[in-house]
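The values are calculated or read from the model by the stated rules, or taken from the named source; none is laboratory data. All of these numbers come straight from a predicted model, not from anything done at the bench. So basically every Cβ, Gly included, is an ideal-geometry build from the backbone, and we count neighbours across all protein chains shown.
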Amino acid sequence: MTQPDRTTQPFIRPLPAIRWWMFGILAILLLLGFSASLVFGSVSIPFDNILRILFGAGAEKASWIKIVLDFRLPKSLTAMLVGAALSVSGLQMQTLFRNPLADPFILGINSGASLGVALVILGFGTTGSLLLAGLGLVGDLSLALAASLGAGAVLVLVMLVGRKVRNPVTLLILGLMFGYATSAVVSLLIYFSIPERIQTYTTWSYGSFGGVTWSQLQVMIPAILVGLLIAYFLPKPLNALLLGEDYARTMGLNIKSTRLWILLGASILAGVVTAFCGPIGFIGVAVPHLCRSLFNSSDHRVLIPAVTIVGAIVALIADVIAQLPGSQYILPINVVTSLFGAPFIVWVILRQRRMKSTFAG
Amino acid sequence: MGDFAPEEDEIDLRGIDTGVLQAEALQIGYQQGRNERVSVARDLNLQLKKGELACLVGPNGVGKSTLLRTLAGLQPMLSGRITLLGKPLNRYHPRELAKALSVVLTEQVNVGAMRAFDVAALGRHPYTNWLGGMDKQDEQTVREALAAVGAAPLSERFFNELSDGERQKVMIARALAQEPLILLLDEPTAFLDLPRRVVLMQMLHRLAHQLGKAILVSTHDLDLALHSADMVWLMDMSGNMNVGAPEDLVLGGEFAHAFTQQGVRFDSKTGNFSFSSKPERRIALSANGLARLWTTRALQRAGFEVVPIQMIQDEFVEVAEIDGELVWRLHRAGWAVDHSSIYALLLSLNE
């Protein structure tokens, strides 16, 4: 065969296999979800009042202003950030480890955070916590601090090991073993602790969007933006990794530095979320699969923005459900994501029969 | 064709005469544990030339993959020197290397939901910007790469819905889209049936000659190498390497030496393997043309030594044509029996 004859074989530009229009729908859903999470809560506030409060025009009741600005708005923002962060982190981990079950916590970020929190809540005896209380360290902020330190320690560990270990599977197993070891320590702390403290720890481990204050958001927002920014610079290397590390190397990819950037970005995202909201499961593993199905693509140039938005939407929906509209109760967020999310994802994936074919592994 | 040749300012033309990829006193192997190095082959002196298809052949387990991966820079050499276009391999920046050399590996890849075009387009990785965006020229290169391997009609199909052979083509197109001068393929025929193997090798031969690529293919399929390679790199179990045109290696006996194992023999006359069980009986055959060739094969398989008709008079097979049909006539001590097929002949010989 000689050169392709361009007159007899006209090349059709590859069809837009990517469903870009989907982003329009997702943007609308995001707006709806955001509004819904502002509207629903134990106190019923009309939507027009919420809009007026957001635009600084006051409201019928002064208490509503406080509820919306100091409670619901930070909570909704947190939900969006957490959903986006966990989904992007999970996507990167799934591609890096070529494992459909990988999630943001696969390397033990949450274990580290849990250990930090468990040490603060359970570890110090009565005198210890009195001491901490005296220093003003007990409370939400100290939990966030402890979780940050725990997650940060694991992050540093992961980066150090990631520089030495060449085989990703080894890294995966190390993460798993680290998780077992820390949960054993946590179990030990629980075993020797008193019920009230165990209750506090358990509540933290359920996860929550509601505990994040504006001052904490001032740390959380920039940290998550940095993590997302790193991810948005990585679609090309991630795509190359779809073919496996050997192929990626022969296509000119610097595997070592790419892997370190992926680990760094994904771990920052997972670590920050865990530090401020507790270990929130499910979103990080499910949203990437959902997006691969929705967009019928494994291309990270599509998937990264897609999981960012879909992750935010899923977290907002979870938040609305957790409020149990019309009731005084609030469900733990982890319960909602798993209880309501899992069947939904199963339905989507079974209907599309695409999960296996859309995942590169 | 010009689209596939690297820019002139990017290659060192001095290397072209002697070989674009050269290995001197190369020792390959792998690291085992902390200190132990396992050597697979040593003192390899090789050169891969532009416009040539070289086949790396040898029995399974002699280190063909190790050599290929070493030449591709995927694993370190133990000692020696590899130069690519006159420059040592280890001095190449990964992206620079990717523009000069690309590979197709044995492992089956699963890329999830991507179209064949997008998979081939991954080969543009070393050329595109940080986002992997492609301009018109990049797209054109990918299309030409797909067309060169006959995979243009597959462009729109999802990679994971293609057959093994089609995927192989797309992966080779991806390697071509890297616009390398050198192409290394590790056992590309492993998952293909025989006709597709032949077609693939023909295609690689054409790519080498028409596009001026230097192509090295590892295979344990000797037949294919004999028919399509310009050069054969023949590795034997002790790590020795013989290099030459396939015919030279047959005449020199290197093939027979490398592949002879218990019970299997390389026949230098036919270029085939045959069972070398000791013939138990002799039989004479009188036949011509194709009928002679295939009847001889069948008799050999059945354990006979086939000899010319003059030597044994009491038992011989005669192939005759009666009314346009072939008949195998078995003569035995003065009487003869006709058989309508080779199978029937063998049955009655074995009685």
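Observations
- Test: residue in the range B:156-172 that is touching a His at 6+ places or on another chain (Cβ under 8 Å) and either at pLDDT 95 or above or assigned by TED's automatic domain parsing to the domain that holds residue B:93 (or both): no
- Across the range B:145-163, a minimum of one residue is classified as loosely packed, with under 15 Cβ neighbours inside 10 Å, outside any loop (DSSP other than H, G, I, E, B) and among the acidic types (Asp, Glu).
- Residue match in the range B:323-342 (condition: within 21 Å of residue B:267 (Cβ to Cβ) and among the hydrophobic types (A, V, I, L, M, F, W, C)): yes
- From the list B:178, B:137, the one residue that fits, being out of contact with any His (no Cβ under 6 Å at 6 or more places or on another chain), facing chain A (nearest Cβ under 9 Å) and over 18 Å from residue B:115 (Cβ atoms), is B:178.
Yes/no matrix, rows are residues, columns are (1) closer than 28 Å to residue B:121 by Cβ; (2) within 10 Å of another protein chain (Cβ to nearest Cβ); (3) of a type outside the set (A, V, I, L, M, F, W, C):
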{"site": "A:219", "(1), (2), (3)": "no, no, no"}
{"site": "A:222", "(1), (2), (3)": "no, no, yes"}
{"site": "A:237", "(1), (2), (3)": "yes, yes, yes"}
{"site": "A:263", "(1), (2), (3)": "yes, no, no"}
{"site": "A:286", "(1), (2), (3)": "no, no, no"}
{"site": "A:298", "(1), (2), (3)": "yes, yes, yes"}
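- Search result, residues across the range B:104-134 that are assigned to a loop (DSSP other than H, G, I, E, B), in contact (Cβ under 8 Å) with a residue 24 or more places away in the chain and either facing another protein chain (nearest Cβ under 8 Å) or not polar (S, T, N, Q) (or both): B:105, B:109, B:110, B:111, B:112, B:113, B:114, B:125, B:126, B:127
- Looking at the range A:184-255, the helices (runs of 4 or more DSSP H) lying wholly inside it that each contain 3 or more residues that are more than 25 Å from the chain's Cα centre (by Cα) and either modelled with pLDDT of 90 or more or under 23 Å from residue A:331 (Cβ atoms) (or both) sit at A:195-206, A:245-250.
- Among the residues making up the range B:171-222, a single one is part of a loop (DSSP other than H, G, I, E, B) and basic (Lys, Arg): B:213.
- Evaluation of residue A:267 against the conditions (1) away from every other protein chain (no Cβ under 14 Å); (2) assigned to a loop (DSSP other than H, G, I, E, B); (3) buried (at least 24 other Cβ atoms within 10 Å of the Cβ) shows that the sole unmet condition is (2).
- First in the range B:178-203 and at pLDDT 85 or above, second anywhere and among the aromatic types (Phe, Trp, Tyr) and not in a strand (DSSP E or B), Cβ under 8 Å, 6 or more apart: B:179/B:4; B:179/B:127
- Within the range A:256-304, the set of residues being modelled with pLDDT of 90 or more and of a type in the set (Phe, Trp, Tyr) comprises just one member, A:261.
- The set of residues in the range B:323-340 that are assigned to a strand (DSSP E or B) and in contact with a strand residue (DSSP E or B) (Cβ under 8 Å, 6 or more places away or on another chain) comprises B:326, B:327, B:328, B:329, B:330, B:331, B:332, B:336, B:337, B:338, B:339.
- The residues of the range B:137-157 that are more than 11 Å from residue B:170 (Cβ to Cβ) and not polar (S, T, N, Q), listed by number, are B:138, B:139, B:143, B:144, B:147, B:148, B:153, B:156.
- Residues of the range A:249-261 classified as in contact (Cβ under 8 Å) with a residue 40 or more places away in the chain and either within 14 Å of chain B (Cβ to nearest Cβ) or under 11 Å from residue A:229 (Cα atoms) (or both), total: 2
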